[in-house]
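Here is the structure we will look at.
The values are calculated or read from the model by the stated rules, or taken from the named source; none is laboratory data. Since this is a predicted model, take the numbers as computed values, not measurements. Using ideal geometry, Cβ is built from the backbone for each residue, glycine included, and neighbour counts are taken over all protein chains shown. For accessibility, only protein heavy atoms count, side chains too; no ligands or nucleic acids. Shrake-Rupley method; radii C 1.70, N 1.55, O 1.52, S 1.80 Å.
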Amino acid sequence: MQKPLNFKSSPLSENWWESAVFYQIYPRSFKDSNNDGIGDLGGVIEKLDHLNDGKGGGLGIDAIWFSPFFPSPQADFGYDVSDYCNIDSDYGTLEDFDQLVEESHRRGIKIVLDLVLNHSSYQHKWFQESRKNKTNSKADWYVWADPKPDGSPPNNWLAVFGGAAWTFEPQRGQYYLHNFLPEQPDLNWYNPAVREALADVVRFWMKRGADGFRLDTANYYAYDRQLRDNPKRPENSELIEDGQEANPLSQYITKYSKDRPENLGFIHFLRKIFDENGAISIGEIGSAEGLESTLKLGTDYVKKGKGLHLAYTFSMFNKNMNTEYLEHVLRVTEESIGDGWPCWSLSNHDCMRMISRFDCFGERDGFQQMMLLLLLSLRGTPIIYYGEEVDMQEYEITKDELRDPQGIRFWPDIKGRDGCRLPFPWDSKLTNQGFNSGTKPWLPAANKLSLDQAKADSGSTFHVLQEMLQIRKKFPALQNGSYQKILLDGDCFVFERKTAGETMLIAANFSTEEQSINLPYKVTKDLTPKAYKRFCTIKNELLTLPAFGYFLGDK
Ligand code: GLC
Ligand code: CA
């Protein structure tokens, strides 16, 4: 290995992750630099200026979360890692990674890597060893259990991607646990040797310049060691609308297979390692047990001393976004989060694109821009999903285009996640929308709008986002200020963000009709991004918002 480089990060404050705007890249789909149909690190490097050129140009984001690019048989497109300390040849080399770090840091962009530590790939050498017999050096590195007397799996736990969460390994005569695909065996976090090996993975990437980590399925590490059956779900229980279709877990409450109290201990363990180098953590904390459970888990994990810097939940992956839903999510979060810090996102690589998902009376145009403006106005760290700046829509995947194992298994009931992972459309005039120079991309390059077109339109989401990010940078209240609800009046929602010296007022109209509301005080300055063409008017205390109007004022 070449000498580890230690690129020190850009001089943001110690709590940079609270005010930073994150952008999630799905590397397979961002930009293909060597024209093999698959996005890669070279492609990301080429396009960094689009995100932030370090001189005030580009979107202006502060940090990138990369979905995994480590060696992987790609059974779940990188969420099945066969070597934690290298780069998959599909995506490049460690030298490319070093260059990515250098080029990003030079622009003031932080790098957050996606660590899939709940499970490895079945092709990882640890599992290849572990599966051989009950006495090898890695025998206890995964979760093994004997069959029931009739040969069936040890308990009723189900895999997220269908079927039992257990697969029989004839060589060993035992079942192994996999909460996801059989190709993704769960690591045994109760084994200290496993924890140490994973800590070394974290250290490896911190030394190489990573500023933080997104922790995949971070509430799955612990499981019930007695392997008790999960209880049946009551018939009428509420399920979270997470933008995906029917959840195969929904028959049972995942009481014993995830969200175990001991899980926090494992997160603490990781936090100590992160703290060795000041790295930050964003834990994916999913719940299939309804919104209230999502909000509870998402806030529990970030209270002081609880481990995570940020918890990434699916609380805004619902279908019917409205003022009451939003106000509820914000209120419960504020009431429960204590000294923790919230984190918000409208979509990712696992759920339907938000512009297609939010059912706003069938009139979505404009709504996605208002939602992004709100995302950037909330108290908490916003994460933008790649392509939101060009209104990337959910693509209707056909059976022969399917790549996602979830879609392949459940077709046509669940079409999987390919539809939200299309190649980024860089240029409408170029072949494959500029994703590469002609090889058929791994998923079709088929978005309606491309970046060149978005740039040419002064009212596009690209310009709205860019302007809003500049405004956010100027006003600390938008970054770190407190949150206070001012008014919820039918389809209008008004709140404040406040620091000692600054009060910003934010108002939004979720309806397709113009609305007028009386504000509690006179707002002196209208700071709404000019690129957002749904102009509001303000006369003394009376604010008039057009359909999907958004208003930002300085008291
Ligand atoms: C997370 C990832 C998802 C993956 C799963 C299993 O939910 O976001 O893409 O399939 O974990 O690793
Ligand atoms: Ca490539």
Legend entry - Among Y385, Q406, A446 - extreme Cα towards positive end, dipole of the chain, charges at beta-carbon: Y385
Inset, instruction - Convert each backbone phi in the range 102-110 into a coupling constant with the Karplus relation 6.51 cos²θ - 1.76 cosθ + 1.60 (shift: θ = phi - 60°), then list the ³J(HN,Hα) values in order as whole Hz, x for Gly and Pro. - result: 4, 5, 6, 4, 4, 8, x, 9, 8
Inset, instruction - Could you estimate the translational diffusion coefficient of the range 67-109 from the Stokes-Einstein equation, with Rh from the Kirkwood formula over C-alpha pairs, at 20 °C and 1.002 mPa s, in whole µm²/s? - result: 196 µm²/s
Inset, instruction - Give me the percent of Cα-Cα pairs in the range 482-554 that sit more than 19 Å apart, rounded to a whole number. - result: 27 percent
Inset, instruction - Starting at the first residue of the range 250-256, write each ³J(HN,Hα) from the Karplus equation 6.51 cos²θ - 1.76 cosθ + 1.60 with θ = phi - 60°, in whole Hz, x for Gly and Pro. - result: 5, 5, 10, 7, 7, 4, 9
Inset, instruction - Determine which lysines satisfy two conditions relative to K134: a Cα distance under 24 Å, and not lying fewer than 8 residues away in the same chain. - result: K125, K148
Inset, instruction - Pop a pseudo-label 7 angstrom from the Cα along the beta-carbon direction at both E292 and K448 and give the gap in nm to one decimal. - result: 3.9 nm
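Counting only protein heavy atoms and using a 1.4 Å probe, what share of the accessible area of the range 482-554 belongs to carbon plus sulfur, as a whole percent? Display every interim value, and only then the final one.
On the way: 1530 of 3280 Å².
Within the range 482-554, the accessible surface is 47 percent carbon and sulfur.
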Legend entry - Two-site FRET efficiency, R203 against E324, from Cβ-Cβ distance with R₀ of 45 Å, rounded to 0.05: 0.50
Inset, instruction - Normalise the Debye intensity by I(0) for the range 345-492, one equal point scatterer per Cα, no solvent, then take log10 at q = 0.10, 0.13 Å⁻¹ and round to two decimals. - result: -0.43, -0.69
Legend entry - Difference of contour (0.36 nm per residue) and Cα-Cα distance, R225 to T537: 106.2 nm
Legend entry - FRET efficiency, 1/(1 + (r/R0)^6) with R0 22 Å, evaluated for Q251 and A145 via beta carbons: 0.60
Legend entry - Gap separating the Cα centres of the range 372-439 and the range 509-555, nearest whole Å: 32 Å
Inset, instruction - Highest first, please rank the peptides 410-416, 421-427, 95-101 by the mean number of other Cβ atoms sitting within 10 Å of their residues. - result: 421-427, 95-101, 410-416
Legend entry - Amide H partners (placed H, <5 Å) of T167, local residues excluded: Y176, H178
Inset, instruction - Using a 1.4 angstrom probe on heavy atoms only, work out the carbon and sulfur share of the accessible area of the range 276-404 in %. - result: 46 percent
Legend entry - Label-to-label distance, nm, for residues given as Q123 and C85 (7 Å Cα→Cβ offset): 2.0 nm
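What shape does the range 120-186 have by the C-alpha gyration tensor, where a ≥ b ≥ c are the square roots of the eigenvalues, rounded means a/c under 1.5, and otherwise prolate means a/b greater than b/c and oblate the rest?
Cα axes put the range 120-186 in the oblate bin.
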Legend entry - Angle in degrees between helix 263-275 and the longest Cα principal axis of the chain, rounded to the nearest 10: 70 degrees
Legend entry - For the range 482-554: relative contact order, % (alpha-carbon pairs under 8 angstrom, 6 or more apart): 32 percent
Legend entry - Computed magnitude of the charge dipole of the chain (debye, nearest 20; Cβ of K, R +1, Cβ of D, E -1): 1000 debye
Inset, instruction - Have a look at the DSSP beta bridges in the chain and tell me what percent are antiparallel, nearest 5. - result: 60 percent
Inset, instruction - List the lysines whose Cα lies under 20 Å from the Cα of K303, skipping any in the same chain that are fewer than 8 positions away. - result: K258, K272
Inset, instruction - Would you mind checking which residues have amide H under 5 Å from W344's amide H? H placed 1.01 Å from N; only 5 or more apart, or other chain. - result: T381, I383
Legend entry - FRET E, pair H268, T544, Förster distance 51 Å, beta-carbon r, rounded to 0.05: 0.50
Inset, instruction - Using the heavy atoms of the protein chains and a 1.4 angstrom probe, tell me the accessible area per residue for the chain in square angstrom. - result: 37 Å²
Inset, instruction - Pick out, from G92, W17, F493, the residue whose Cα sits farthest towards the positive end of the charge dipole of the chain, with +1 on the Cβ of Lys and Arg and -1 on the Cβ of Asp and Glu. - result: W17
Inset, instruction - Pull out a ≥ b ≥ c, the square roots of the eigenvalues of the alpha-carbon gyration tensor of the chain, then state rounded if a/c is under 1.5, prolate if not and a/b is larger than b/c, and oblate in the remaining case. - result: prolate
Inset, instruction - Keeping the other protein chains in place, figure out the carbon and sulfur percent of the accessible area of the range 120-186, with a 1.4 Å probe. - result: 50 percent
